[in-house]
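Presented below is the structure to which this report refers.
The values are calculated or read from the model by the stated rules, or taken from the named source; none is laboratory data. Quantities reported herein were computed from a predicted structural model and do not represent experimental measurements. Backbone-built Cβ (ideal geometry, glycine too); neighbour counts: all protein chains shown. Side chains included, ligands, DNA and RNA excluded: accessible areas come from the protein's heavy atoms. Shrake-Rupley method; radii C 1.70, N 1.55, O 1.52, S 1.80 Å.
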Amino acid sequence: QQQVKQSPQSLIVQKGGISIINCAYENTAFDYFPWYQQFPGKGPALLIAIRPDVSEKKEGRFTISFNKSAKQFSLHIMDSQPGDSATYFCAASMASGTYKYIFGTGTRLKVLA
Amino acid sequence: ETGVTQTPRHLVMGMTNKKSLKCEQHLGHNAMYWYKQSAKKPLELMFVYNFKEQTENNSVPSRFSPECPNSSHLFLHLHTLQPEDSALYLCASSQDGTAANSPLHFGNGTRLTVT
């Protein structure tokens, strides 16, 4: 119930293409869903986040789509660039006592020039 | 200096050694965290401190001992580690450890190798 399942494990996309990463969760108490981006040798950094009261959030080329009934959310990277090559982690959290995130296993994205 | 700083960046230690990892945050946050990152596994929460008080110990073996002397500093003391403890150890901070949408700010981690 505390897991967040992320797919695919790795993804190769041509420059200019759309990258799509999917996550699924079981615990309906989760109420905050961030995505983190991690470059080699660096720590993860918050990319974009969504609350379950909206179905979509867009920031530049990055969009989160959220399906509450299916308990799924996804990250779409439009016009993917080589500089987007990184590992992406989805996460989920709930507002209960000490706050903590549950992370997915990560997706290694490579965008070919 | 800004953000979350971790030292050392790399550490190689034998199973009988004692070493410490250091984390310092310059963001004025009140919560600090230790995470373990292993290949092909989810980020694993180890410890949480909120206003210097430990609020989470995620069943971490006693060979890992955290210390939080103030809201800006966090240490992870290591002793008699096992080879399977080799991983990237990430420190993070957030404004409020009890708020669901208080983003985590990570350091660049310490790459630990236990020989």
- Among (1) open to solvent by 40 Å² or more (accessible area, probe 1.4 Å); (2) out of contact with any strand residue (DSSP E or B) (no Cβ under 7 Å at 6 or more places or on another chain); (3) within 19 Å of A:Ser93 (Cα to Cα), A:Pro40 falls short only on (3)
- Message: Six or more apart or on different chains, Cβ atoms under 7 Å: show the pairs whose first residue is in the stretch A:69-94 and more than 14 Å from chain B (Cβ to nearest Cβ) and whose second is part of a loop (DSSP other than H, G, I, E, B) and of a type in the set (Asp, Glu).
- Response: A:Lys71/A:Glu26
- Message: Considering only residues that are within 11 Å of chain A (Cβ to nearest Cβ) and free of Cβ contacts under 8 Å to residues at least 24 places away in the same chain, which ones fall in the stretch B:52-78?
- Response: B:Glu53, B:Gln54, B:Glu56, B:Asn57, B:Asn58
- Message: What's the total number of residues in the stretch B:101-114 that are more than 7 Å from every other protein chain (Cβ to nearest Cβ) and either open to solvent by 40 Å² or more (accessible area, probe 1.4 Å) or not aliphatic (A, V, I, L, M) (or both)?
- Response: 4
- Out of B:Tyr35, B:Tyr49, report the one residue that is in a strand (DSSP E or B) and either within 25 Å of A:Phe39 (Cα to Cα) or at pLDDT 95 or above (or both). B:Tyr35
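For every residue, the table says whether it meets (1) closer than 18 Å to A:Glu26 by Cα; (2) assigned to a loop (DSSP other than H, G, I, E, B).
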site	(1), (2)
A:Ser65	yes, no
A:Ser69	yes, yes
A:Asp79	no, yes
A:Phe89	yes, no
A:Thr105	yes, yes
- Message: Tell me yes or no: at least one residue of the stretch A:15-37 is under 29 Å from B:Val4 (Cβ atoms), of a type in the set (Gly, Ala, Ser) and in contact (Cβ under 8 Å) with a residue 24 or more places away in the chain.
- Response: yes
- Consider B:Thr98 carefully, then state whether it is open to solvent by 40 Å² or more (accessible area, probe 1.4 Å), outside any strand (DSSP E or B) and not basic (Lys, Arg). yes
- Message: Given the condition aromatic (Phe, Trp, Tyr) and exposed (fewer than 15 other Cβ atoms within 10 Å of the Cβ), answer yes or no: does some residue in the stretch B:65-80 qualify?
- Response: no
- Task: Determine whether A:Ala86 is of a type in the set (A, V, I, L, M) and over 11 Å from the mean Cα position of the chain (by Cα).
- Result: yes
